[in-house]
Amino acid sequence: MAKVINIGEFTGEIVEEKYNPLIKRKEITIKITHIGKSTPSRGLIRIEVAKYYNADIEKTFVRKIETDYGIGVSTAYIHIYDDLERAKKFEPEHIIKRNEYALQAYQLEQMQKQQEQTQEEGGQ
């Protein structure tokens with residue numbers, strides 16, 4: 001039976017997990033079920049996978065998210081490095097920037113949701 005990971009309100013199944021000793025990284029493939037909802041954000045996936053593996057978020061990179069058309073299932077490809085310097089050496093610059101931006105966008109979205117909830121509670 002495959003390992004199951006919670007990604008926000010979605011459920012993911014770890015399809016493949018292997019360690020690459022030459023590059024010193026863990027390579028993970030996760031199938032995420034999100035029927036009737038949009039594809040989970042790169043920032044959310046990055047945070048939840050880092051938590052699940054007890055890894056530093058700065059060493060965790062979502063390489064790619066492929067969504068199957070009309071099914072509500074996405075496949076995410078993630079790399080978790082042992083060392084940040086190795087990550088900078090092997091990950092393309094656009095992947096590093098994309099992951100940094102996605103994390104900032106997700107954190108901003110969470111702050112806005114929290115502020116809205118606080119305002120709703122205060123207004124009642």
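The values are calculated or read from the model by the stated rules, or taken from the named source; none is laboratory data. Not measured: the values here are computed from a predicted model. For neighbour counting, all protein chains shown are included, and Cβ atoms are generated from backbone atoms with ideal geometry for every residue, glycine included.
For segment 26-41, the tally of residues that are over 16 Å from the mean Cα position of the chain (by Cα) and either surrounded by 18 or more Cβ atoms within 10 Å (Cβ to Cβ) or small (G, A, S) (or both) stands at 1. Taking the condition at negative phi, of a type in the set (V, I, T), surrounded by 18 or more Cβ atoms within 10 Å (Cβ to Cβ) and modelled with pLDDT of 95 or more, does I80 pass? For I80, the condition - at negative phi, of a type in the set (V, I, T), surrounded by 18 or more Cβ atoms within 10 Å (Cβ to Cβ) and modelled with pLDDT of 95 or more - is met. Just to be sure, is I71 within 17 Å of S38 (Cα to Cα) and hydrophobic (A, V, I, L, M, F, W, C)? In short, yes.
Summed over segment 15-62, residues that are over 15 Å from R86 (Cβ atoms) and either in contact with a Ser or Thr (Cβ under 8 Å, 6 or more places away or on another chain) or of a type outside the set (G, A, S) (or both) total 29. Being under 15 Å from I7 (Cα atoms) and of a type in the set (F, W, Y) is the filter here, so list the residues in segment 62-96 that pass it. Y77, the sole residue that qualifies.
Cβ-Cβ contacts under 6 Å between residues 6 or more apart (or on different chains), taken from a first residue in segment 80-98 that is closer than 19 Å to I65 by Cβ and in a helix (DSSP H, G or I) to a second residue that is modelled with pLDDT under 95 and aromatic (F, W, Y), are absent.
Table: residues versus (1) surrounded by 16 or more Cβ atoms within 10 Å (Cβ to Cβ); (2) among the β-branched types (V, I, T); (3) in contact with a strand residue (DSSP E or B) (Cβ under 6 Å, 6 or more places away or on another chain).
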| site | (1), (2), (3) |
| --- | --- |
| I45 | yes, yes, yes |
| I65 | yes, yes, yes |
| H94 | no, no, no |
| L103 | yes, no, no |
